[in-house]
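The values are calculated or read from the model by the stated rules, or taken from the named source; none is laboratory data. Everything quoted here is computed from the prediction, not taken from an experiment. Every residue, glycine as well, gets a Cβ built from its backbone with ideal geometry; the counts of neighbours run over all protein chains shown.
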Amino acid sequence: MINISAKDVNFYYGSFQALKNITLGIERNTVTAFIGPSGCGKSTFLRLLNRMNDLIEGTRLNGEIRIDGEDIYGRDVEVVELRKKVGMVFQKPNPFPKTIYENVAYGLRVNGVRDRRLIDERVESSLKGAALWDEVKDKLKKSAFVLSGGQQQRLCIARTLLKHPKVLIFDDSTSAVDTATESDIRHALAGLGSVTKLIIAQRITSVQSADLIVILDDGRLHAVGTHDELLAKDTIYQEIYHSQMKGGDADGEAIRR
């Protein structure tokens with residue numbers, strides 16, 4: 001079943017057209033990876049899904065984007081509620097200057113939840129969902145800043161999971177961590193079965209297991225398929241894959257070009 005659909009999407013920053021006639025369907029509870037050269041429109045497209053681009057003056061959208069059948073740019077859409085449904089984890093981890101526990105619990109407290117038992121249960125389940133609980137359960141009262149970069153990123157994932165999002169966007173969230181930490185994050189994502197996951201990544205290892213890979217180029221939809229399909233037929237994907245698998249491009253330089 002299609003969870004997210006984009007039809008004839010064109011998007012502008014002032015007079016600059018960043019996206020050109022994008023039509024795409026994404027199925028519920030799958031993993032979709034977006035790759036392509038720097039500036040090709042990956043982040044722009046994904047930030048349309050939670051209307052983060054609304055915050056930029058002079059932008060304009062033509063076309064239609066629906067999540068669960070609802071036009072998310074319709075007049076009756078509550079943007080705050082949309083952003084609870086469509087969570088986002090950014091490229092660099094941004095833990096709050098609070099304890100590990102309070103980083104996750106904060107989202108409940110600001111919404112008026114005071115039941116300590118409920119908060120404890122939700123914090124634990126969110127940390128487990130982000131594959132972090134076993135590593136931090138004995139130091140929940142310590143500052144989040146004592147965690148490694150990969151642990152901080154998973155803490156941010158846990159914080160987002162607290163809202164029970166239907167869609168989770170990872171905007172190049174693994175590019176700044178080492179391959180071991182990237183693997184930890186991938187395993188955490190694999191456990192999130194009831195969430196539609198959209199990933200921007202530089203490393204081919206982050207995308208090859210995705211259910212669907214979307215290649216953007218110059219704001220256009222260049223190709224869509226699985227890893228095996230694209231490796232068999234698409235020259236851009238073949239170049240990225242072979243360059244990185246040779247070991248000379250482990251951090252994804254071929255994708256950024």
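The rows are residues; the columns are (1) more than 30 Å from I4 (Cβ to Cβ); (2) assigned to a helix (DSSP H, G or I).
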residue: N103; (1), (2): no, yes
residue: V113; (1), (2): no, no
residue: D120; (1), (2): yes, yes
residue: V123; (1), (2): no, yes
residue: D138; (1), (2): yes, no
residue: K141; (1), (2): yes, no
residue: R154; (1), (2): no, yes
residue: T160; (1), (2): no, yes
residue: K163; (1), (2): no, no
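Yes/no per residue for (1) under 24 Å from K142 (Cα atoms); (2) touching a Phe, Trp or Tyr at 6+ places or on another chain (Cβ under 8 Å); (3) not β-branched (V, I, T):
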| site | (1), (2), (3) |
| --- | --- |
| K7 | no, no, yes |
| Y13 | no, no, yes |
| N29 | no, no, yes |
| G69 | no, no, yes |
| R75 | no, no, yes |
| E81 | no, no, yes |
| P95 | yes, yes, yes |
| N111 | yes, no, yes |
Positions within segment 112-134 being surrounded by fewer than 18 Cβ atoms within 10 Å (Cβ to Cβ) and within 24 Å of the chain's Cα centre (by Cα), in sequence order: E124, S125, K128, W133, D134
Cross-chain or 6+ apart pairs with Cβ under 9 Å, segment 136-151 first and surrounded by 15 or more Cβ atoms within 10 Å (Cβ to Cβ), then part of a helix (DSSP H, G or I) and of a type in the set (F, W, Y): V136/Y101; L140/Y101
Matching entry among R203, R220 (being surrounded by fewer than 24 Cβ atoms within 10 Å (Cβ to Cβ) and under 16 Å from the mean Cα position of the chain (by Cα)): R203
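Conditions tested, residue by residue: (1) modelled with pLDDT under 90; (2) not acidic (D, E).
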residue: L189; (1), (2): yes, yes
residue: V195; (1), (2): yes, yes
residue: I215; (1), (2): no, yes
residue: R220; (1), (2): no, yes
residue: D228; (1), (2): no, no
residue: A232; (1), (2): no, yes
residue: Q238; (1), (2): no, yes
Sole exception among (1) closer than 19 Å to T196 by Cβ; (2) touching a residue at least 40 places away in the same chain (Cβ under 8 Å); (3) not charged (D, E, K, R) for S126, by number: (2)
Set Q202, Q208, Q244: member being modelled with pLDDT under 90 and within 13 Å of P37 (Cβ to Cβ): Q202
